[in-house]
Amino acid sequence: MKYLGLIWSNLKRKKLRTTLTVLSIFVAFLLLAFLFAIKEAFTAGVRIADADRLIVRHKVSLIQTLPVSYAQRLAGLAGIDAVVHMTWFGGIYQEPKNFFANMPVEPEKFYDLFPEFTLSPEAKEKWGKTRNGVIIGRALADRFQWKVGDRIPLTSPIWGEPEGESVWDFEVCGIFDTSKKGADTSGLYFRYDFFDESRTKGKGEVGWYTVRVQNADEAGAVAAKIDAEFANSPFETKAEPEGAFAAGFAQQIGDIGAIMIAVLSAVFFTILLVAGNTMSQSVRERTEELGVLKAMGFTNGLILVLVLAESCVIAMLGGLVGLGLAWGLLQAGNPAPALLPVFYVPDQALIIGFVMVIALGIISGAMPALAAVRLRTAEALRRNG
Amino acid sequence: MSSLVQIKDVTKTFHRGSEDVPVLSGLNLTVAKGEFLALMGPSGSGKSTLLNLIGGLDRPTKGSVSIGDDRVDQLSERALAAWRARHVGFVFQFYNLMPVLTALRNVELPLLLTHLNKAQRREHAETALKVVGLSHRLKHYPRTLSGGEQQRVGIARAIVTDPTILLCDEPTGDLDRKSGDEILTLLQTLNQEQGKTIIMVTHDPHASARATRTVHLDKGQLSTAQPE
Ligand SMILES: Nc1ncnc2c1ncn2[C@@H]1O[C@H](COP(=O)(O)OP(=O)(O)OP(=O)(O)O)[C@@H](O)[C@H]1O
Ligand SMILES: [Mg+2]
């Protein structure tokens, strides 16, 4: 296109200003991508929750345990399809800052209830044969460079150590992936039978149940029925959809998230306004030049296209590189796996980011360009003399 | 000689807020093809306004402006842009070159609107710069040229499309006597040797002396008589 040279020359007009503008847009969109990643980290649990899964916990709080015998009673209730229990183990690997979730589960039921986790048949077989075996998520394996066959010693302030041992000695049997974007693969699961035999206190107690209802539409009714079933017993329950449970969980750290999101948003929009204003300013300074182009016979439309091309190049140079870099960095590895187990830039955020980049280019270019071409040529030319 | 520019009963009134600013009132002017017309008058008398009407940069409040067969005052914005590209070359007092483009690329600019290919555009631009005597300054940026040289680039840019008429608004107004004279000689040559029709606004009797005819604008009307 023959106008490219003209656009390029204009971009080079004030190299320092253009460079700084591109840089600030770059920073803004890098920030935006991280913003979306953080937001996703806080809400992924809610979003990926299955509508047909309920969590049944102690009515008073999540910390209080329920009897393992509830599994049978739950399974016997009408409308319930499958039941699995989990218990917060709180195991620590070397030091507390290495935090990750670790829980005893019953493998077969676990597979059934959480089909989003995929594990090879060999791994399942090995886990079936290894009493102290564990399966770990891909993110966790990457974080500590663990592979099948590795031994992981954990200590648990909640449950203590097995009789006569100084640690819980686990062996990695398999690494699971996920078929669902946003699902958390930062956890470790070990066998409940091993856990229950080895623990020295609280035998027969579990943390909570996850149950699958036959019909997602009846989830609310089933939850009410569960709570009624255990009412007036020493262990009253509270059943709620997995999404609500995750939301409640996220709420606890959510305030920090909300503050972070608010601050980052403010910074993002401030940078955007400043960059947009700079771009607009550089067009306004050229009102007279645009007037000369009009005198030469350039149409308003062509002038608008030239100015927009220029501002869009600046916006895209900064914005797309910023979004791309954030995406690449998080794709390569999670910088804070202990804090935010799920941390990635959602595809939707990339699309929103792209639209904002284009909008920035168009708005900051179009406003001064429209003002310039609307100005009668004669007046644009009068400005200098 | 056939007439090229025909201005009939032109009135131009600007509006500044609620106030009307009458500038031209019932003005008539005919310029023949091949004329070199000097347009003089006190500051604020409407010389630039008249030039802009002729060049299709502005529209009269009343009356008609015809250039050749075209009723310039009646063309649509779009058609007017195309008409300017084809028929008019502007020369400005402050040259108004693009600072980011070399002399050659400044002159090439109006050719972007034509169907010429890159090589042809370059050739035309070089020829125009040769006509104004700047063959040795093709790659220079405006800020590295003297005022006189910049104005010659401005003239090269105005003639590169071979327009029907050249409109110059105080082309020597910002130059010293010597550079101004060179520019006037250049315009005179273009008029005499290439038959270009030129309308030049000027304050300088020395400049108007080079023209084939001089008209004076005062109080919205034209007169050929010298004001005392
Ligand atoms: N867009 C406009 N809006 C309002 N008034 C205008 C506008 N353009 C010109 N004028 C007024 O019209 C009158 C004539 O202006 P014009 O620029 O044509 O004068 P001029 O003869 O070229 O003066 P000079 O010799 O100083 O260049 C002036 O009083 C000016 O203020
Ligand atoms: Mg003037």
Kyte-Doolittle mean at least 0.0 and Cα axial length at least 27 Å: DSSP H helices in chain B: none
Calculated Rg and Dmax of segment A:77-169 using C-alpha coordinates, Å: 14.7, 45
Förster radius 41 Å - calculated FRET efficiency between B:LYS8 and A:LYS12 (Cβ-Cβ, nearest 0.05): 0.30
Relative contact order [Cα under 8 Å, 6+ residues apart], chain B, whole percent: 29
Gyration tensor (alpha-carbon) shape descriptor, the protein assembly as shown, a/c threshold 1.5: prolate
Segment A:48-253 - percent of accessible surface contributed by carbon and sulfur, probe 1.4 Å: 53
Ranked order, A:SER280, B:SER18 - accessible area, probe 1.4 Å, largest first: B:SER18, A:SER280
Residue-span extension gain [A:GLN281 to A:ASN98] - 0.36 nm each, minus C-alpha spacing: 60.9 nm
At least 20 Å² accessible surface lost relative to isolated chain, residues of segment A:270-308 (1.4 Å probe): A:GLU289, A:VAL292, A:LEU293, A:LYS294, A:ALA295, A:MET296, A:GLY297, A:PHE298, A:THR299
Nearby aspartates and glutamates by direct alpha-carbon distance to A:LYS14 (threshold 19 angstrom, same-chain neighbours under 8 apart not counted): A:GLU285, A:GLU288, A:GLU289, A:GLU310
Added length on full extension, which subtracts the Cα-Cα distance from 0.36 nm per residue, A:ALA371 to A:VAL355: 3.4 nm
Exceeding the 27 Å Cα-Cα cut-off - candidates A:LYS203/A:LYS238; A:LYS2/B:LYS47; B:LYS118/B:LYS139: A:LYS2/B:LYS47
Anchor B:LYS219: aspartates and glutamates whose Cα lies under 20 Å away (excluding residues fewer than 8 positions away in-chain): B:ASP9, B:GLU19, B:ASP20, B:ASP58, B:ASP169, B:GLU170, B:ASP204, B:GLU228
Segment B:28-107, accessible surface, carbon-and-sulfur percent (1.4 angstrom probe): 49
A:THR270-B:GLN188 pseudo-label distance in nm [points 7 Å out on the Cα-to-Cβ vector]: 6.5
Per-residue SASA entry for B:GLU108, accessible area with 1.4 Å probe, Å² rounded to 10: 30
Solvent-accessible surface (1.4 angstrom probe) belonging to A:MET279, in square angstrom, nearest 10: 10
Per-residue average of Cβ from other chains inside 10 Å of B:50-56: 2
Interface size B-A, as summed buried accessible area [1.4 Å probe, Å², nearest 100]: 2200
25 Å Cα-Cα reach of A:LYS181 towards lysines, excluding residues that sit fewer than 8 places from it in its own chain: A:LYS39, A:LYS109, A:LYS124, A:LYS147
Neighbouring partner chain Cβ atoms per residue of B:91-100, average, 10 Å criterion: 5
Residue order for A:ASP184, B:ASP162 - accessible surface, 1.4 angstrom probe, largest first: B:ASP162, A:ASP184
Per-residue [θ]222 nm for chain B (sum of -39500 (n - 2.57) over DSSP H runs n ≥ 4, rounded to 500): -9500 deg cm²/dmol
Ranked order, B:ASP20, B:ASP58 - accessible area, probe 1.4 Å, largest first: B:ASP20, B:ASP58
Relative contact order %, segment B:144-184, counting alpha carbon pairs below 8 Å whose residues are six or more apart: 50
Where the protein assembly as shown is the region considered: accessible area per residue in Å², 1.4 Å probe: 46
Max mean-square fluctuation residue, GNM over chain B, Cα-Cα springs under 10 Å, options B:SER208, B:SER43, B:SER25: B:SER43
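The values are calculated or read from the model by the stated rules, or taken from the named source; none is laboratory data. None of these values were measured; they are calculated from a predicted model. Neighbour counts run over all protein chains shown; Cβ positions are idealised from the backbone, glycine included. Protein only, heavy atoms only, side chains kept; ligands, DNA and RNA dropped before computing areas. Shrake-Rupley method; radii C 1.70, N 1.55, O 1.52, S 1.80 Å.
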